[in-house]
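To keep things clear, I will list the structure first and then write my remarks on it.
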């Protein structure tokens, strides 16, 4: 069974949102160091979020980034075989909205719309 592994929060003003979540919920939110990556993480003003200590049954990581469109908060599901999952999306009434992309040093990801029009991220970690 595939688990939700992390979430991403879009923001019009990343610094304002960082302060909001830090002050409101005590989350630790840190900017990623510039990497020159192919995914545009630098331009996204991407920040890592830690919501607390890792514990069974709790999701404790996410990201905060510069909003690109009117995208919602997005949950990411970790799967063993990204290609297999993507091969089923359209047959089941969904749509691939961002094709499989590599995140250097992390893994591969894609974005889909489910059969109801909800955005969901799908990813598989890089094999070590």
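With both labels modelled 7 Å from their Cα along Cα-to-Cβ, the residue 28 to residue 81 distance reads 3.7 nm.
Each of 50, 88 was scored by other Cβ atoms within 10 Å of its Cβ. Listed from fewest to most, they are 88, 50. Full extension of the segment from residue 88 to residue 115, taken as 0.36 nm per residue of separation minus the current Cα-Cα distance, would add 8.5 nm.
When DSSP assigns beta bridges and you keep just the ones with both residues in the chain, what percent turn out antiparallel, to the nearest 5? Let's see the in-between values first.
Details: 26 of 34 bridges.
Percent antiparallel among DSSP bridges in the chain is about 75.
Answer rounded, prolate or oblate for the chain, using the Cα gyration tensor with square roots of eigenvalues a ≥ b ≥ c: rounded when a/c is under 1.5, else prolate when a/b is larger than b/c, else oblate.
On the way: a/c = 1.55, a/b = 1.49, b/c = 1.04.
Cα axes put the chain in the prolate bin.
Quick check: the angle from helix 14-25's long axis to the longest principal axis of the chain, C-alpha only, nearest 10 degrees? In the chain, helix 14-25 runs at an angle near 80 degrees to the longest axis. What value does region 79-128 have for Rg/Rh, both radii from Cα atoms and Rh as Kirkwood defines it? Over the Cα atoms of region 79-128, Rg/Rh equals 0.99.
Values in this text are rule-based calculations from the coordinates and carry no lab data. What you see is a predicted model; the values in this text were computed from it and never measured. Glycine also receives a Cβ, built like all others from the backbone with ideal geometry; neighbour counts cover every protein chain displayed.
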